[in-house]
Amino acid sequence: MRASTGPGASAATDAPDSDDLAGSAVEPEAEDDGEFEPDEEAPPVGSRTRRYGTVALAIAIAVGLLLGFGGGLLVPRLTSPGDDSPEAGFARDMINHHAQAVEMGLIAFQRGESPDVRQLGVDIATGQQGEIGAMQTWLRLWGLGPTGSQPAMAWMPDGAASLTKDGLMPGMANAAEMQRLRAANGRELDVLFLQFMIRHHLGGIHMVDAILAATDDPEVVQAARTMKNTQQNELVNMRADLTQLGGTTLPAN
């Protein structure tokens, strides 16, 4: 899901740099069965042109975080969402949701066997870290802290029902699954990453749909639409990669 790039990378094998993929900000039609088609203006399926070495990745993440923070500073506001508003709840919960995706993406980038999986990993890590920076800026501009008085997902009409049995937000991997991913190598790592990230993206899109139904804040709407469009396009690539590796998708959680 990539509006901008963001922070925090580790060492990885150098690969040649190329042009960034551009994500469309147009909101596609939502599907009830969890299947999505990319926007007409989105990058072509299978297009994996961005390449990062260790230094380039670090620079991309740092610049993306600055852009994420700086983007919100240029937008004047007459009113701001309150502490228990859907906008504040979405920002806080999606920051945490994105943080897990960033960790999974960096694991795939560092140790993935498939070049396509490694590329997906770095795209997701840099893109979602940049979005974290933007949402942190929102909270600061609204005069709100990173945590609120409401529990996770309380801003959503079906918030409590959306939590997994481990109390996690939709699509998130639990502690045992994250440990499996951290310990995996080779094809096993590639398959686990794709399985976990497909489920993660579907959960994130569920949250994006909820905020789009609850807010008319133009900046939040624009960012949420971009997140959704980016993640739908990434889902197409991840499903194709998983099929090629002989893996199957996990049930939603």
Q: Filter region 158-203 down to residues that are under 14 Å from Gly121 (Cβ atoms) and among the acidic types (Asp, Glu), then give me how many there are.
A: 1
Q) When you scan region 213-232, how many residues do you find that are farther than 21 Å from Gly133 by Cβ and either basic (Lys, Arg) or more than 12 Å from the chain's Cα centre (by Cα) (or both)? A) 3
(Q) Being at pLDDT 95 or above, among the acidic types (Asp, Glu) and closer than 22 Å to Arg225 by Cα narrows it down to one residue among Asp116, Asp123; which is it? (A) Asp123
Q) Say we look at region 60-98 and pick out the residues that are part of a helix (DSSP H, G or I) and loosely packed, with under 15 Cβ neighbours inside 10 Å; which of these is modelled with the highest pLDDT? A) Gly70
Q | Where Gln110 falls short, out of the listed (1) buried (at least 24 other Cβ atoms within 10 Å of the Cβ); (2) within 25 Å of Gln244 (Cα to Cα) | A | (1)
Q) Quick check, is Asp116 over 12 Å from the mean Cα position of the chain (by Cα), within 17 Å of Asn233 (Cα to Cα) and in a helix (DSSP H, G or I)? A) yes
Q. Pick from region 135-181 the residues that are aromatic (Phe, Trp, Tyr) and part of a loop (DSSP other than H, G, I, E, B): which of them is surrounded by the most Cβ atoms within 10 Å (Cβ to Cβ)?
A. Trp155
**Q.** Candidate set from region 137-158 (those that are in contact with a helix residue (DSSP H, G or I) (Cβ under 8 Å, 6 or more places away or on another chain) and of a type in the set (Gly, Ala, Ser)); member that is nearest to Pro251 (Cα to Cα)
**A.** Ala152
Q. Which one is farthest from Glu103 (Cα to Cα), of the residues in region 196-233 that are charged (D, E, K, R) and in a helix (DSSP H, G or I)?
A. Glu219
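The values are calculated or read from the model by the stated rules, or taken from the named source; none is laboratory data. These figures come from a predicted structure and were not determined experimentally. Note that each Cβ is placed from the backbone with ideal geometry, even for glycine, and that neighbours are counted across all protein chains shown.
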